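The values are calculated or read from the model by the stated rules, or taken from the named source; none is laboratory data. For clarity, every value in this text was computed on a predicted model and none was experimentally measured. Every residue, glycine as well, gets a Cβ built from its backbone with ideal geometry; the counts of neighbours run over all protein chains shown. Surface areas here come from the heavy atoms of the whole protein model, side chains and all, with no ligands, DNA or RNA. Shrake-Rupley method; radii C 1.70, N 1.55, O 1.52, S 1.80 Å.
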Amino acid sequence: MAAKLKKGDKVVVLAGKDKGKEGEISSVDPKAGKAIVEGVNIAIRHVKQSQNAQGGRLPQAMPIQLSNLSLLDSNGKATRVGFREEDGKKVRFAKTTGEAV
């Protein structure tokens, strides 16, 4: 199945502790059905000090389920994603506005 959400997409969180927050997808794991969104689902990770890096408690974005994310359209509202063919290519489009993503 084609990916409805990809790296670099602006998304909004639909459910969970970060509901309503917006961010950009930094990576997607289609096999697990999860994505990492900048500034969303932050957890504190305890990192041991090494020669290269300072140790301590570092905030890190954790993966979030793809079903809890929705693409933002040009108006800044959550939208579902559809597929259609334009000039022989499969293109994603926002269902609310009809614009290609």
- Item | Residue-level accessible surface for Glu99, protein heavy atoms, 1.4 Å, Å² | 90
- Query: For the pair Lys90 and Ser67, what calculated FRET efficiency results from E = 1/(1 + (r/R0)^6), where r is the Cβ-Cβ distance and R0 = 30 Å, to the nearest 0.05?
  - Reply: 0.85
- Item | When each of Lys4/Lys48; Lys34/Lys90; Lys19/Lys89 is checked by Cα-Cα distance, pairs over 31 Å | Lys4/Lys48; Lys19/Lys89
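How much net charge surrounds Pro59 when only other residues with a Cβ under 12 Å from its Cβ are counted (Lys, Arg +1; Asp, Glu -1)?
+1
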- Message: So, taking all protein chains as they sit and a 1.4 Å probe, how much accessible area belongs to Ile42, in Å² rounded to tens?
- Response: 80
- Message: Could you sort Val13, Val28 by their accessible area in this structure, using a 1.4 Å probe and putting the largest first?
- Response: Val28, Val13
- Which listed residue (Gly8, Val81, Ser27) has the Cα farthest towards the positive end of the charge dipole for the chain, taking +1 on Lys and Arg C-beta and -1 on Asp and Glu C-beta about the Cα centre? Ser27
- Please give every one of the aspartates and glutamates within straight-line cross-link reach of Lys10, meaning a C-alpha to C-alpha distance under 16 Å, and leave out same-chain neighbours fewer than 8 residues apart. Asp18, Glu22, Glu24, Glu38, Asp73, Glu99
- Task: Could you check the simple spin-label distance between Thr97 and Lys7, using points 7 Å along Cα→Cβ, in nm with one decimal?
- Result: 2.5
- Task: Compute the accessible area per residue over the chain, keeping the other protein chains in place, probe 1.4 Å, unit Å².
- Result: 70
- Query: Roughly to the nearest percent, how much of the accessible area of the chain is carbon and sulfur, given a 1.4 Å probe?
  - Reply: 49
- Message: Using the crude model of +1 on Lys and Arg Cβ and -1 on Asp and Glu Cβ, and no other charge, please compute the dipole size for the chain relative to its Cα centre, in debye to 20.
- Response: 360
